[in-house]
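A short worksheet on the structure shown next.
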Amino acid sequence: MSSPLPTDMMTPLVTLVLLHPVEWKHDKYNRLDPKADFRTWARRLNLFLSLIGLKEYIFEPIISSPNRVAEPIAHRNWASNNNYARAIVLTTMDEAEQEQVESKKTAAGVFKALKIWAQGKGPVRQLSVICEGLALAFSPAMEPLPTTFRCIHDISRRVDDKAHGLDY
C-alpha cells in the first residue's frame, strides 16, 4: 500500500511568486531621520509589494502558512514567498532599524515589530504632548497669564524634544 499523495500535488493553494526586477526608489525608513514618516513608508511598501504579488504576506488579509505535512508544496511556496517579502521589508529600512526587527521569522512579524518600534519614536510620541497642549485653556480667573505661557513653552519644548528622540 502506498502513502497518500499530498492534497496540493496538482494545484497548491499557495503559488510561488517569481522574482520581479522592481526597484525600491524611495528612501529607506529611519525613524531618526526628521523627514521619516512611517505611514508614508508603509503606504509605499504596500504598493511596492502589490506590484510583485507579496502584499498579503505583510498587510491584511495575511496569508497563513499552510500545513507542512498536508500541503508540502504550498508550504514550501509560502516559505519562499515569505522569505522574499521579509527580505524586501528589511532592505527598505535603515540598518539601525533592521537590528530591532530582524529576529522575526515572518515578513508580517518584521513589519509589525517595526510598526511598534516606530510608534515609540518621533511624531507618534509627540502626539500625546500635542494633545496635552490642545487641551490647555487660559482663563484669567483660574491662572495668571505668565503661568499659562510657561506651561505652553514647556509643552512646546517637550514636543520638540520628542521629535529628536529625547526623553525625560
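The values are calculated or read from the model by the stated rules, or taken from the named source; none is laboratory data. Worth saying up front: this structure is predicted, and the values here are computed from it rather than measured. Here the Cβ is made from the backbone with ideal geometry for all residues, glycine too, and neighbour counts use every protein chain on show. These accessible areas exclude ligands, DNA and RNA; they are computed on the full protein's heavy atoms, side chains included. Shrake-Rupley method; radii C 1.70, N 1.55, O 1.52, S 1.80 Å.
In the set (1) within 15 Å of Arg86 (Cα to Cα); (2) open to solvent by 40 Å² or more (accessible area, probe 1.4 Å); (3) of a type outside the set (Lys, Arg), the condition left unmet by Leu54 is number (2).
Yes or no: Leu47 part of a helix (DSSP H, G or I), open to solvent by 50 Å² or more (accessible area, probe 1.4 Å), of a type in the set (A, V, I, L, M, F, W, C) and at pLDDT 90 or above? So Leu47 fits the description; yes.
Regarding region 21-42, can at least one residue be identified that is open to solvent by less than 60 Å² (accessible area, probe 1.4 Å), free of Cβ contacts under 8 Å to residues at least 24 places away in the same chain, assigned to a helix (DSSP H, G or I) and closer than 30 Å to Thr11 by Cβ? Within region 21-42, none of the residues are open to solvent by less than 60 Å² (accessible area, probe 1.4 Å), free of Cβ contacts under 8 Å to residues at least 24 places away in the same chain, assigned to a helix (DSSP H, G or I) and closer than 30 Å to Thr11 by Cβ. Check whether at least one residue in region 146-160 is of a type outside the set (Lys, Arg), modelled with pLDDT under 75 and either out of contact with any helix residue (DSSP H, G or I) (no Cβ under 6 Å at 6 or more places or on another chain) or open to solvent by 50 Å² or more (accessible area, probe 1.4 Å) (or both), and report yes or no. Yes, region 146-160 contains a residue that is of a type outside the set (Lys, Arg), modelled with pLDDT under 75 and either out of contact with any helix residue (DSSP H, G or I) (no Cβ under 6 Å at 6 or more places or on another chain) or open to solvent by 50 Å² or more (accessible area, probe 1.4 Å) (or both). In region 91-122, of all residues being farther than 19 Å from Asn46 by Cβ, open to solvent by 50 Å² or more (accessible area, probe 1.4 Å) and part of a helix (DSSP H, G or I), the one that is modelled with the highest pLDDT corresponds to Glu95. Annotation: Ile63 fulfils all but one of (1) closer than 20 Å to Thr40 by Cβ; (2) β-branched (Val, Ile, Thr); (3) surrounded by 14 or more Cβ atoms within 10 Å (Cβ to Cβ); the unmet one is (1). Within region 127-140, can one find any residue that is open to solvent by less than 20 Å² (accessible area, probe 1.4 Å) and out of contact with any strand residue (DSSP E or B) (no Cβ under 6 Å at 6 or more places or on another chain)? Checked region 127-140: at least one residue is open to solvent by less than 20 Å² (accessible area, probe 1.4 Å) and out of contact with any strand residue (DSSP E or B) (no Cβ under 6 Å at 6 or more places or on another chain). When you go through (1) more than 18 Å from Lys28 (Cβ to Cβ); (2) touching a Ser or Thr at 6+ places or on another chain (Cβ under 8 Å); (3) not β-branched (Val, Ile, Thr) one by one for Ser80, which number turns out not to apply? Ser80 satisfies every listed condition except (2).
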